[in-house]
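Q: Take a look at this one; I'll ask things after.
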Amino acid sequence: MKSIEEGREFLRATAWEDTSGLESDQSRSIPHPPQQKPIPEGADLVGLPSPDGASVVRSDIARVMGARRSRREFLDRPVSLEQLSFLLWATQGMKRLVGGGAASLRTVPSAGARHPFETYLHVRAVEGLDPPGVYRYLPVEHCLYLVREGDRGPELTRGCLGQSFAGTCPVCFIWSAVPYRTEWRYSVLSPKIIAIDSGHVCQNLYLAAEALGLGTCAIAAYHQTLMDRLVGLDGRDEFVIYVAPAGWPVRREGDE
């Protein structure tokens, strides 16, 4: 077990102080990894409506930021496919591929435009999206496909260490990291970069949800093996890095 002081080294930028001997696969002219995992053969793609179709409740960015908070209680009310489309676009939406597909410009920043994440959704109640189950988002095509059919709410609650709102909300965002996308350029410097990048993604979910009148809550406390198993990941070259349930929040006195 690492000491607290040893753990802090992850946060420090000392690795950047001498990179003279650092080599990356990019510097070795090894071809870049794809910006999106391949689509499985035979997968039925579910097209998403334009994100412009979602009804925005708050359009003033100052009001959105002022209203933003973590929301852990959700109404038993489905979100719409238009709203889900907007949330997906806001968090990983693709503007365009650049450099022959080596990088991509999206709605969130990422070091070197590497964008090392895949987005999975545990869907329980989204109007127009059936059946319930685990879906994967394809940002290049702006569509989904079904990974595992069936409500996995109890599994998700266990994976989130008993945080039941994760398993009972209408839709739960589950982001995985594909480290090599960043490692290809930044080698051993990548872990700190990937952790920072994941924060950009989740903050955009907070702001997009508040703009729609929805709510979310970032979850970093989860059981790694259970969550990787839920989504069907190998836990080495791809693994869950962040979780965020979303839905219509229960409003309390004083909420905007």
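Q: May I ask you to list the residues in the stretch 215-230 that are under 18 Å from T168 (Cβ atoms) and in contact with a strand residue (DSSP E or B) (Cβ under 6 Å, 6 or more places away or on another chain)?
A: G215, T216, C217, A218, I219, Y222, M227
Q: Just checking: which of the helices (runs of 4 or more DSSP H) contained wholly in the stretch 70-171 hold 2 or more residues that are open to solvent by less than 10 Å² (accessible area, probe 1.4 Å) and hydroxyl-bearing (S, T, Y)?
A: Fully inside the stretch 70-171 and qualifying: 81-92.
Q: Does at least one position in the stretch 150-164 carry a residue that is in contact (Cβ under 8 Å) with a residue 60 or more places away in the chain, over 27 Å from D44 (Cβ atoms) and of a type in the set (A, V, I, L, M)?
A: For the stretch 150-164, residues in contact (Cβ under 8 Å) with a residue 60 or more places away in the chain, over 27 Å from D44 (Cβ atoms) and of a type in the set (A, V, I, L, M): present.
Q: Okay, next question. Go through the stretch 172-188 and report how many residues are part of a helix (DSSP H, G or I) and in contact with an Asp or Glu (Cβ under 9 Å, 6 or more places away or on another chain). Reasoning before the result, please.
A: If we filter the stretch 172-188 for residues that are part of a helix (DSSP H, G or I), which is where we start, we get 180-188.
When the remaining residues are screened for being in contact with an Asp or Glu (Cβ under 9 Å, 6 or more places away or on another chain), the result is 180, 182-185, 187.
The total comes to 6.
Q: Could you tell me how many of the residues in the stretch 195-248 are part of a helix (DSSP H, G or I) and either in contact with an Asp or Glu (Cβ under 8 Å, 6 or more places away or on another chain) or not small (G, A, S) (or both)?
A: The number of residues fulfilling the criteria is 20.
Q: Continuing with the same structure: Criterion first (at pLDDT below 95, more than 25 Å from S164 (Cα to Cα) and surrounded by 14 or more Cβ atoms within 10 Å (Cβ to Cβ)) does A67 satisfy it?
A: When the stated conditions are applied, A67 does not pass them.
The values are calculated or read from the model by the stated rules, or taken from the named source; none is laboratory data. If you're wondering where the values come from, they're calculated on a predicted model, not measured in any experiment. Cβ atoms come from the backbone with ideal geometry, glycine included; neighbour counts cover every protein chain shown. Each accessible area value is taken on the protein alone, full model and side chains, heavy atoms only, with ligands, DNA and RNA left out. Shrake-Rupley method; radii C 1.70, N 1.55, O 1.52, S 1.80 Å.
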